[in-house]
Structure formats: structure tokens, C-alpha cells
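See structure below.
The values are calculated or read from the model by the stated rules, or taken from the named source; none is laboratory data. All figures in this text were calculated on a predicted structure; none of them were measured in a lab. Every residue, glycine among them, receives a Cβ derived from its backbone with ideal geometry; neighbour counts consider all protein chains shown.
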């Protein structure tokens, strides 16, 4: 076994276009460039709840990995399945990769949150340490029993991007939202808020998978129809990188009505393009979008979001405000790590938490 070999276990293939999977894929790419041999393993089963198929898949995957190997486990695929980890903790060198704590998902009952938090705490106890994808998440790992000395924060990288120019001359302001259409991302709150400013000129595109939470996605599109906004709000589903870049480029304002983010890669992408950002104070968003860079409202507060949208879309003062925030976005984006930075930081974290034997 090469001393620069790493196994990465995640639920499903790496080519899924969500923030966590994009992070995993770019880290694999970066480590490979640095000379590592990274072996990906895609788990079967239902996640994050972790059904019997998922548990058997994780157990089989771990059994097939040679003794002493370094293994990074995506939290989505391991956090509810402590038993297979416990069976291999002394044979393999296990490292958790924590994007989002399972108990932070929106819409869970208190009993379900407590149950998931307990499982994740047990799973993390089987690992030698954890890599968190934000400083916010790294700080909170102590609540799960992981000492700070065994935690490293490796933020996502952000690619260089062309500066957004907005819609064409004479067209109304263009609002862009990027994220899987799901309860946590708050597209229902956004659509409701847009209903409150229907008298203003604007159009909106909500890009993101409609299949991860299909019932919720259907309810959001039905809400748009009920509010008479079906011709003003588009839901094109999951888009490829080139098409998404086109929409970023033609946007006037980036809006994410999220209830909770552990980092917010789409927010960083918007900043890199010099877009004014309107989001919430949910989770790590204030870390990713400082107060001087964007406008943040309480998560889940449709009235506050409506008021903020109106102030950013109504009259010449709104255009000046958007321009001011756009300049601040570009300035801040220069401090964001690149994916090369992220790969180097991840390599350093693995070396420190799973040193050569």
C-alpha cells in the first residue's frame, strides 16, 4: 500500500451536483494532482437515515479495504451507522468528513434530532478525527465529543469567475437562487416573499435538483402558481456548470432563503462573480457572507425577506445599493481559498490526523 493512498467512502457516485459531492470531487482531483492515489467507494442504500442496505454496504466496503489504510468517510454515509465503524476502527485509520450534522436538517422533530445526534456522536467516536468543511462546523464538533485537537477545518475552494453583468438593457432585475429544491434551502419562503413584491419588475430562476425532495419541490411550484408567479419564476432543475455560469453572469441579485448552511458554496460562487447577496443568518452564512458584503435576514422570516427584496429592487436607490454590495462581494472574494488551497489544506489535515505509521 502506498503511503500516499487514501480511500474515500461516500453515499452514491461523486458526480452528483450538490455542494457536498462537488467538494468531495474537487478534493479528490486536487489530491490526485498532489500525487495521492485516491480510491473512491460509492455506498448503496438510503441516506442519511442509513437503512439495512446502507449498513451492509458500508460494512462490506470497509472489509474490502486493506488493513492500516487511511479512510475518509463522508458524514452523510457514516453518521447514522456506528456499528460498521466500530468493527473496523482498530484495523483501519478512519477520518470523518463532516459537511452537515444530520440533526441540523430542517423539519426534524426534536426526538428525531436527538436520535440522529446520538448516532453521529457514536460514529464520530470511532474515528481518529474529523475534517469539517467550515470553521463554523469545526467549532461545533466539540458538542459531538470530538476534541478540538482532532479537528481540522478545510474550507471549499472557489474557482475564478467572470464578473456578472446582469440582464440585458431594458430587462427587469434578474434574481438567481441556486440549491437543491428542499425544505432546508427555503425556496418556499423565497416564493412567498416574491409574492409580496409582485408589483415590482423582476424575474427569478431557482436552479437546483427537483428530485431530492420531489414532494417539497412540487409544493413550491404549486405555490408559485397559486400566487400567479409561474411565468416569472423558473425551476429548470439541476444545471451543468457551463449553463449555471451563464445564469450567474446574467443575474442582478443572488438570493438564498436557507434555513441552515454549514458553509454555502453557492454563496461563495455568487461573491466570486461580484453579485450582491441576500440570504439569512442560518448556520454558517454570516461566516461566508459577512455583514459588509451582503444583506442577511432571520431564517424563515418571509416578511423580513420581502422587505429586503423590496429595498434591493425598488427604485434608483436599489440599483445603487446593489452596485455597492457588488463591489464589496468582489473585494471579499479575493480572500476566498482556491481549490488548490483546499487540496493542500486537506493533505495537511490528513497528515496531521492520520500520520504515517
Among (1) outside any strand (DSSP E or B); (2) surrounded by fewer than 17 Cβ atoms within 10 Å (Cβ to Cβ), there is one condition residue 236 misses while meeting the rest; what is its number?
(1)
Taking the stretch 165-192 as the search range and keeping residues that are outside the structural domain of residue 279 (by TED's automatic domain parsing) and farther than 18 Å from residue 232 by Cβ, which one is surrounded by the fewest Cβ atoms within 10 Å (Cβ to Cβ)?
169
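Quick one: how many residues across the stretch 234-258 are touching a strand residue (DSSP E or B) at 6+ places or on another chain (Cβ under 7 Å) and more than 21 Å from residue 325 (Cα to Cα)? Before the answer, list the steps.
Going residue by residue through the stretch 234-258, those that are touching a strand residue (DSSP E or B) at 6+ places or on another chain (Cβ under 7 Å) are 234-236, 239, 244, 247-248, 250-258.
Now drop any that are not more than 21 Å from residue 325 (Cα to Cα), which leaves 234-236, 239, 244.
Residues meeting the conditions: 5.
Can you name the residue in the stretch 217-233 that is in a helix (DSSP H, G or I) and touching a strand residue (DSSP E or B) at 6+ places or on another chain (Cβ under 8 Å) and is also surrounded by the fewest Cβ atoms within 10 Å (Cβ to Cβ) among such residues? Outline the logic, then answer.
Initial filter on the stretch 217-233 (in a helix (DSSP H, G or I)): 217-226.
Subset that is touching a strand residue (DSSP E or B) at 6+ places or on another chain (Cβ under 8 Å): 217, 220-221, 224.
Details: 217: 22, 220: 25, 221: 19, 224: 24.
Result: 221.
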Got a sec? Which of 357, 327 is surrounded by fewer than 19 Cβ atoms within 10 Å (Cβ to Cβ), more than 19 Å from residue 154 (Cβ to Cβ) and at pLDDT 95 or above?
327
For the stretch 194-202, state whether one or more residues are part of a helix (DSSP H, G or I) and in contact with a helix residue (DSSP H, G or I) (Cβ under 9 Å, 6 or more places away or on another chain).
yes
Looking at the stretch 94-108, is at least one residue farther than 17 Å from residue 41 by Cα, more than 20 Å from the chain's Cα centre (by Cα) and surrounded by fewer than 17 Cβ atoms within 10 Å (Cβ to Cβ)?
no
Can you name the condition, by its number, that residue 77 falls short on among (1) at pLDDT 95 or above; (2) in a helix (DSSP H, G or I)?
(1)
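Could you check the stretch 296-324 and list, in sequence order, the residues that are part of a loop (DSSP other than H, G, I, E, B) and either out of contact with any strand residue (DSSP E or B) (no Cβ under 7 Å at 6 or more places or on another chain) or not assigned by TED's automatic domain parsing to the domain that holds residue 186 (or both)? Walk me through how you get there before you give the answer.
The first filter runs over the stretch 296-324 and keeps only residues part of a loop (DSSP other than H, G, I, E, B), leaving 298-301, 314.
Answer for the stretch 296-324, where residues must be part of a loop (DSSP other than H, G, I, E, B) and either out of contact with any strand residue (DSSP E or B) (no Cβ under 7 Å at 6 or more places or on another chain) or not assigned by TED's automatic domain parsing to the domain that holds residue 186 (or both): 300, 301, 314.
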Name the residues in the stretch 27-74 that are under 26 Å from the mean Cα position of the chain (by Cα), surrounded by 15 or more Cβ atoms within 10 Å (Cβ to Cβ), at pLDDT 95 or above and in a loop (DSSP other than H, G, I, E, B), would you?
36
Count of residues meeting criterion [more than 20 Å from residue 46 (Cβ to Cβ) and outside any helix (DSSP H, G or I)] in the stretch 109-129
4
Against the definition (more than 30 Å from residue 339 (Cβ to Cβ), touching a helix residue (DSSP H, G or I) at 6+ places or on another chain (Cβ under 8 Å) and in a loop (DSSP other than H, G, I, E, B)), how does residue 274 come out, yes or no?
no
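Being under 17 Å from residue 355 (Cα atoms), outside any helix (DSSP H, G or I) and out of contact with any helix residue (DSSP H, G or I) (no Cβ under 7 Å at 6 or more places or on another chain), is that true of even one residue in the stretch 9-16?
Residues of the stretch 9-16 that are under 17 Å from residue 355 (Cα atoms), as a first pass: none.
Checking the stretch 9-16: not a single residue is under 17 Å from residue 355 (Cα atoms), outside any helix (DSSP H, G or I) and out of contact with any helix residue (DSSP H, G or I) (no Cβ under 7 Å at 6 or more places or on another chain).
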Of the residues 269, 327, which is part of a helix (DSSP H, G or I) and under 21 Å from the mean Cα position of the chain (by Cα)?
269
So residue 343 clears everything in (1) outside the structural domain of residue 102 (by TED's automatic domain parsing); (2) closer than 30 Å to residue 38 by Cβ except one condition, right? Which one?
(1)
Being closer than 23 Å to residue 22 by Cα and touching a residue at least 40 places away in the same chain (Cβ under 8 Å) is the filter; apply it to the stretch 213-238 and report the residue that is farthest from the chain's Cα centre (by Cα).
235
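A quick yes/no check of all residues on (1) buried (at least 22 other Cβ atoms within 10 Å of the Cβ); (2) under 29 Å from residue 157 (Cα atoms); (3) at pLDDT 95 or above:
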position: 285; (1), (2), (3): yes, yes, yes
position: 289; (1), (2), (3): yes, yes, yes
position: 292; (1), (2), (3): no, yes, no
position: 297; (1), (2), (3): yes, yes, yes
position: 302; (1), (2), (3): no, no, yes
position: 306; (1), (2), (3): no, no, yes
position: 315; (1), (2), (3): no, no, no
position: 318; (1), (2), (3): no, no, no
